[in-house]
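Just so it is clear, none of the values below were taken in a lab; they were calculated from the coordinates. What you see is a predicted model, and the numbers here were worked out from it, not measured in a lab. Glycine also receives a Cβ, built like all others from the backbone with ideal geometry; neighbour counts cover every protein chain displayed.
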Amino acid sequence: MKVRLREASAKDAAAIVEINNSHMKGDRDTGFLVKPLATHTLKKALRLGNATYFVAEVNQSDIIGFVQISGAIEKAVVRSIHWDNQIQYENFQTRKYRCIEKIAVRKEYGKHGIGSLIMNEVSQLFKGFTLYSFIVVKPITNSPSIRLHEKMGFESAGHFRPHSYAGYSNYESLLMVKANK
């Protein structure tokens, strides 16, 4: 299977939303995302350039996964991070970085290496940038994502523990980092 990663456009919004929302935490034990996505919201974000999305596709049109990348972490979020050590915080303050906000693959393509392929492509696209990624650990633990990030060379940098997030008062995410040289 030949998979290609390319920058997403507005015409990809419906597929990205479908994949995102199929992984929502809810009555399914397999959900790992806590914020739903709406097509109009995504199209607006793409138009304004608030985040960059890349899609993984097969057959030059079938979207089987996506990754959302941002160029900044909000100051309020940074203030809520409990850094593993002072060096991690200082590195964050002084290095150019990108943040992997979300990565998801269609369920029928799970366990086929698509997530690894996406992460490898992102590492190549953002060579020279430190990569950060938030992975939910409460109210659910996204163990597959943690394992994927560790396999790709990420390590713990801290934890994000806001008072509430996406309607959850017990929310926590692990902040992972990779010096992508």
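As a test of the formula, what do you get for the chain when each DSSP H run with n ≥ 4 contributes -39,500 (n - 2.57) and the sum is divided by the residue count, at 222 nm and rounded to the nearest 500 deg cm²/dmol? Rounded to the nearest 500, it is -8500 deg cm²/dmol.
Restricting to bridges with both residues inside the chain, how much of the DSSP beta-bridge set is antiparallel, in percent to the nearest 5?
Working: 35 of 40 bridges.
Counting only bridges with both partners in the chain, antiparallel ones make up about 90 percent.
A straight chain from Glu74 to Gln86 at 0.36 nm per residue would run longer than the Cα-Cα distance by 2.4 nm.
Calculate the dipole size of segment 3-179 relative to its Cα centre from +1 charges on Lys and Arg beta carbons and -1 charges on Asp and Glu beta carbons; express the result in debye to the nearest 20. Mind dumping the intermediate values first?
Details: 24 positive and 16 negative charges, 60 e Å.
So the magnitude is around 280 debye.
For segment 89-171, just say rounded, prolate or oblate: build the C-alpha gyration tensor, square-root its eigenvalues into a ≥ b ≥ c, call rounded for a/c under 1.5, and beyond that prolate if a/b exceeds b/c, oblate if not. Note, shape of segment 89-171 comes out oblate. Cross-link check: pairs Lys11/Lys127; Lys102/Lys138; Lys2/Lys44; Lys35/Lys75; Lys11/Lys35; Lys107/Lys178 evaluated at a Cα-Cα cut-off of 24 Å; pairs beyond the cut-off: Lys11/Lys127; Lys2/Lys44; Lys107/Lys178. Put simply, segment 12-136 fits an ellipsoid with semi-axes of 26, 17, 16 Å; these come from the alpha carbon gyration tensor as the roots of five times its eigenvalues, largest first.
Within segment 74-181, the GluC sites (Glu not before Pro) that combine a DSSP coil assignment with at most 10 other C-beta atoms in a 10 angstrom radius are Glu74.
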